[in-house]
Amino acid sequence: MSEILKPASLNVDKPINVHPLAVVDPKAELAEGVVIGPGSVVGADVRVGKDTWIGPNVVLDGRLTIGAQNKIFPGACLGQEPQDLKYKGAPTSVVIGDGNTIRECVTINRATEEGEETRIGNGNLLMAYCHLGHNCLLGNRIVMSNGIQVAGHVKIEDKAVIGGCLGIHQFVHIGGLAMVGGMTRVDRDVPPYCLVEGHPGRLRGLNRVGLRRSADDRLNGELKQLQEIWILLFRSGNVLAQGLEIAKQKDLMPASQHLCEFLEASMRKGRRGPMPSMANQ
């Protein structure tokens, strides 16, 4: 994340452009090149990185750090108190990385307990009307379509793609390069590299299109083994624990190893463990 300095201390190459109808607390920290549109409100504990564009009628509040080259569209509300009855006013945070696009009316709440944070990585796209609850952790290059409602303590790994108009239950973990179809009920963990769809959600197979489009030559070289391990785990007739024991005897490549470790960790969660496949209906 780029360095953020108070405006008074900047030797600016690019001016800070704050619209006269915006309200920016003098204690807020803005880096060079920041643009703030009319009607936007920026609180005292907000720090905004270089070349970030903040559109009209955006609210930035609380202990909120935003990195460089983000685009935040009208109506977004970031860094406000969590919608959690356990919240007692602790000075918690939201941390947003670089190069994210946050579309209209997105809401991102800060964490609940002191010392905790809601964190978003780099290069993510959050489309209109998405909500991220308290203590969520998002990786990098995630695509979230319109109207996704994410409860507290959800973790989403890099390059996941999530279809629109759906809810994600609290404490769910979505693995990297997973694909979740629109209007799916996501109440269990979604393993990495997998395709999930339905109400309730069920594993349909590997996210083969996403894997091929990932521009990762290593993954393309591992796709054959990943398919074999997926069949072993979800189509062989073994219960999942048995399939994992068999898989661990093999010389696993990194993607297959990640899938197995994710599933083992998810199973330890119990009732909110991994989402079942269609074969297990």
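The values are calculated or read from the model by the stated rules, or taken from the named source; none is laboratory data. It should be emphasised that the depicted structure is a prediction, and the values quoted were computed from it without experimental measurement. Here the Cβ is made from the backbone with ideal geometry for all residues, glycine too, and neighbour counts use every protein chain on show.
When you check Cys77 against the structure, is it within 12 Å of the chain's Cα centre (by Cα) and modelled with pLDDT of 95 or more, yes or no? It would help to see each step written out before you state the result.
Details: within 12 Å of the chain's Cα centre (by Cα): no; modelled with pLDDT of 95 or more: yes.
No, not satisfied.
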All positions within the range 73-92 that are touching a Ser or Thr at 6+ places or on another chain (Cβ under 7 Å) and closer than 20 Å to Asn122 by Cβ: none
Hey, any hits in the range 206-220 for a residue that's in contact with a strand residue (DSSP E or B) (Cβ under 9 Å, 6 or more places away or on another chain) and modelled with pLDDT of 95 or more? yes
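Quick check on the range 97-116: of everything there that is more than 16 Å from Trp53 (Cα to Cα) and surrounded by 18 or more Cβ atoms within 10 Å (Cβ to Cβ), which residue is farthest from the chain's Cα centre (by Cα)? Steps first, answer last, please.
The first filter runs over the range 97-116 and keeps only residues more than 16 Å from Trp53 (Cα to Cα), leaving 107-116.
Adding the requirement that they be surrounded by 18 or more Cβ atoms within 10 Å (Cβ to Cβ) leaves 107-112.
Details: Thr107: 13, Ile108: 11, Asn109: 13, Arg110: 14, Ala111: 14, Thr112: 18 Å.
Here the residue is Thr112.
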Within the bounds of the range 142-162, is there any residue that is out of contact with any helix residue (DSSP H, G or I) (no Cβ under 8 Å at 6 or more places or on another chain), of a type in the set (Asp, Glu) and within 30 Å of Arg212 (Cα to Cα)? yes
Within the range 138-165, the count of residues that are more than 22 Å from Gly123 (Cβ to Cβ), hydrophobic (A, V, I, L, M, F, W, C) and crowded, with 19+ Cβ neighbours inside 10 Å comes to 1
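Here are Gly176, Gly182: which of them is closer than 18 Å to Arg208 by Cα and touching a Pro at 6+ places or on another chain (Cβ under 6 Å)?
Gly176
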What about Thr101, is it over 16 Å from Ile36 (Cα atoms) and touching a Lys or Arg at 6+ places or on another chain (Cβ under 6 Å)? no
In the range 12-38, the residues that are of a type outside the set (Val, Ile, Thr), in a loop (DSSP other than H, G, I, E, B), out of contact with any Lys or Arg (no Cβ under 9 Å at 6 or more places or on another chain) and farther than 19 Å from Gly75 by Cβ: Asp13, Pro15, Pro20, Asp25, Pro26
Residue satisfying condition, being small (Gly, Ala, Ser) and surrounded by 15 or more Cβ atoms within 10 Å (Cβ to Cβ), within set Ala241, Ala265, Ala247: Ala247
Output yes when any residue across the range 127-142 is among the basic types (Lys, Arg), assigned by TED's automatic domain parsing to the domain that holds Val94, assigned to a loop (DSSP other than H, G, I, E, B) and at pLDDT 95 or above, and no when none is. yes
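Results for (1) closer than 20 Å to Leu233 by Cβ; (2) surrounded by fewer than 23 Cβ atoms within 10 Å (Cβ to Cβ); (3) among the small types (Gly, Ala, Ser), shown as yes or no for each residue.
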| position | (1), (2), (3) |
| --- | --- |
| Val180 | yes, no, no |
| Pro191 | yes, no, no |
| Val196 | yes, no, no |
| Pro200 | yes, yes, no |
| Leu203 | yes, no, no |
| Gly210 | yes, yes, yes |
